[in-house]
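Report on the structure given below.
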Amino acid sequence: MSVPETGSFGDFVARAHQAGKLVVQPRMGVSDPAAMHAGLLATRKATATAVGTITLDSYTRMGDNANARAALAAGIELNGYPIVAHDPAVTRSVLDGVAGPDFPVQIRHGSPCPEPIVAALIQAGLHATEGGPVSYCLPYSRMPLEDSIPNWARSCDLLAEVRATGVEPHVESFGGCMMGQLCPPGLLVALSVLECMFFRQHGIRSVSLSYAQQTNPDQDTEALLALRRLATQWLPDVDWHIVVYTYMGVYPRTPDGATGLLEEAARLAVRAGAARLIVKTVAEGYRIPTFAENVAALETAALAAEGCLTIAGDPVDTGIHAEATALIEAVLDLGPDLGAALATAFRRGYLDVPYCLHPDNAGRARSYLDSTGRLQWSSIGSLPIRGVVGPTDSAKLTAAGLLASLSYVERTFDNASLEQEFQADSSGSTDDRDPDPGNRSPAARQSA
């Protein structure tokens, strides 16, 4: 089995972007190689400009490859593809006839210790992955940042060696999705930029900066345009693009609500000049989606993106760019080694993710949703943005308030869907009603 010629992930996305196409991508991973092959094939055949995903299982994410191998031997289905436990030849067979220059495949995992994963994907002929020393540590594990950061440094160094084969390796920062929700945009933007700068410091020359759709489309647009400005400023010598994640919090449970949220994410991505979108499906709110549901989501997003235009000119400035700039510069001022600077920044609370319980997170910053659905700071702790943000609302968020905030998007889109359904039913009932029952014949009145 030969190593597949998949071409550069970044080059593929750049070509699509120049052609005016939004690249769409699923989250997809199963442990059975034949089924994984079928999932990639279904993605490739979608009516959309798509790239493939192999999402890894929980054992592999946490470096427990012995249990992953034991599960495979016992025929136990895992919640993703165990790329380290499978022989490289098996993974190459998964990619055979599917992956290629017109269909690159990315490995998504969530690991704070990704060296074995990176080694395995390289052996399989791949060279694109995602994560980051902070964003794949704080939300997903209890591993200290002092361990995650060097783990990621070595992994980037290893992946960068792929360049010698003639293909540019690619790493996507997950920093735009800390905790999935309730993290104000300025911090998400700063973390995404900082992690990509970390990748560059360790030899990576093609990166993507992520931003997860939040709770207010206007605020999201401003954040994405700020992210573009900062990427241009801080990453002038690398290939980069922006990837939007469809909402990562509590997802609508009605089909129309879920579809409406996905369509809004696609329009947001195009409007703000992003090149790629990670989709979610109508099943997202209650179970793992099928391949067919993933393909439907890809095609829905691609259709929604058609006809949208990128915003020209400056958006309304509420301070997201200034906030992210202050955070980035505060970290860079801590020293030339970005890994050491990130660790120090969290120790001092210069970076502090609201509601994150990881021991290395200061836990003094808090956020809330205002009456317009915008994310705001209620407490900034030691974040170096006191001169940038306005007065914070120090009112303590109650448990009920937190739950209401977490379900804000779900309720917004589900309620709109149910209201539309109600209106349609009401309209249908009215149309069906006999305008003058008294004029019907006796036989008709009897049958009614």
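The values are calculated or read from the model by the stated rules, or taken from the named source; none is laboratory data. Note that the structure is predicted; figures quoted are calculated from it, not measured. Cβ coordinates were reconstructed from backbone atoms using ideal geometry, including for glycine residues, and neighbour counts include every protein chain displayed. SASA here: full protein model, heavy atoms, side chains in, ligands and nucleic acids out. Shrake-Rupley method; radii C 1.70, N 1.55, O 1.52, S 1.80 Å.
By the scheme Lys and Arg +1, Asp and Glu -1, what is the net charge of all other residues having a beta-carbon under 14 Å from that of GLY75?
-1
First select every other residue whose beta carbon is under 14 angstrom from the beta carbon of GLY20; then total the charges, Lys and Arg +1, Asp and Glu -1.
Once positives and negatives cancel, what remains is +3.
Which aspartates and glutamates have a Cα lying under 16 Å from the Cα of LYS396, excluding residues fewer than 8 positions away in the same chain?
Partners found: ASP370.
Give me the number: length gained by fully extending GLU146 to ARG253, i.e. 0.36 nm times residue separation minus the C-alpha to C-alpha distance, one decimal in nm.
Extra length available between GLU146 and ARG253 comes to 34.6 nm.
Which one of PRO236, PRO169, PRO114 has the biggest mean-square fluctuation once the chain is modelled by GNM with Cα springs under 10 Å?
Among PRO236, PRO169, PRO114, the largest mean-square fluctuation in the Gaussian network model of the chain belongs to PRO236.
Go through THR310, LEU338, GLN376 and say which Cα lies farthest out towards the positive end of the charge dipole of region 280-402; charges sit on Cβ, +1 for Lys and Arg, -1 for Asp and Glu.
GLN376
Quick one: 3J(HN,Hα) in Hz for region 23-40, Karplus 6.51/-1.76/1.60 with θ = phi - 60°, rounded, Gly and Pro as x.
With the stated coefficients, region 23-40 comes to 6, 10, 8, x, 9, 7, x, 9, 7, 6, x, 5, 5, 4, 4, 5, x, 5 Hz.
Springs between alpha-carbon pairs under 10 angstrom, Gaussian network model over the chain: which of LEU369, LEU268, LEU22 fluctuates most?
Sorting by GNM fluctuation, first place goes to LEU369.
For region 141-233, with all protein chains present and a 1.4 Å probe, just round the carbon and sulfur fraction of the accessible area to a whole percent.
Solvent-exposed carbon and sulfur of region 141-233 make up 50 percent of the total.
Build a GNM of the chain with springs between Cα atoms under 10 Å: which of GLY63, GLY428, GLY176 gets the top mean-square fluctuation?
Greatest mean-square fluctuation among the candidates belongs to GLY428.
What fraction of the DSSP beta bridges in the chain is antiparallel, stated in percent and rounded to the nearest 5?
20
What is the angle, in °, between the Cα long axis of helix 255-271 and the longest principal axis of the Cα atoms in the chain? Nearest 10 is fine, range 0 to 90.
50
Measure nothing but the geometry: give the 0 to 90° angle between the long axis through the Cα atoms of 9-18 and the longest principal axis through the Cα atoms of the chain, rounded to 10°.
Taking the Cα atoms of the chain, the angle to 9-18 is about 50 degrees.
What FRET efficiency comes out for ALA66 versus ARG348 if R0 is 35 angstrom and r is the Cβ-Cβ distance? Round to the nearest 0.05.
0.40
Based on DSSP loop calls and a cut-off of at most 14 other Cβ atoms within 10 Å, the longest stretch of the chain free of exposed GluC sites (Glu not before Pro) is what?
Looking at the chain, 78-305 is the longest stretch - no exposed GluC sites (Glu not before Pro) with at most 14 other Cβ atoms within 10 Å.
Probe radius 1.4 Å, ligands and nucleic acids ignored: give me the carbon and sulfur share of the accessible area of region 6-118 as a rounded percent.
That fraction is 52 percent.
Quick one: Kirkwood hydrodynamic radius for region 71-147, alpha-carbon pairs, angstrom, one decimal?
When all Cα pairs of region 71-147 are included, the Kirkwood radius is 13.9 Å.
Can you give the net charge of the other residues whose Cβ lies under 15 Å from the Cβ of LEU159, counting K and R as +1 and D and E as -1?
-3
Using 0.36 nm per residue of separation minus the Cα-Cα distance, give me the extension gain between ALA416 and THR165 in nm, one decimal.
Taking 0.36 nm per residue and subtracting the Cα distance, the gain is 85.2 nm.
May I ask you to give the percent of accessible area on region 349-398 that is carbon plus sulfur, with a probe radius of 1.4 Å?
50
Compute the whole-percent fraction of alpha carbon pairs in the chain spaced more than 34 Å apart.
33
Could you do me a favour and compute the accessible area per residue for the chain, 1.4 Å probe, result in Å²?
41
Output ³J(HN,Hα) for region 335-352: one whole-Hz value per residue in order, computed from phi by the Karplus curve 6.51 cos²θ - 1.76 cosθ + 1.60 with θ = phi - 60°, and x for Gly and Pro.
Result, ordered by residue: x, x, 7, 5, x, 5, 5, 5, 4, 5, 4, 6, 4, 8, x, 5, 10, 8 Hz.
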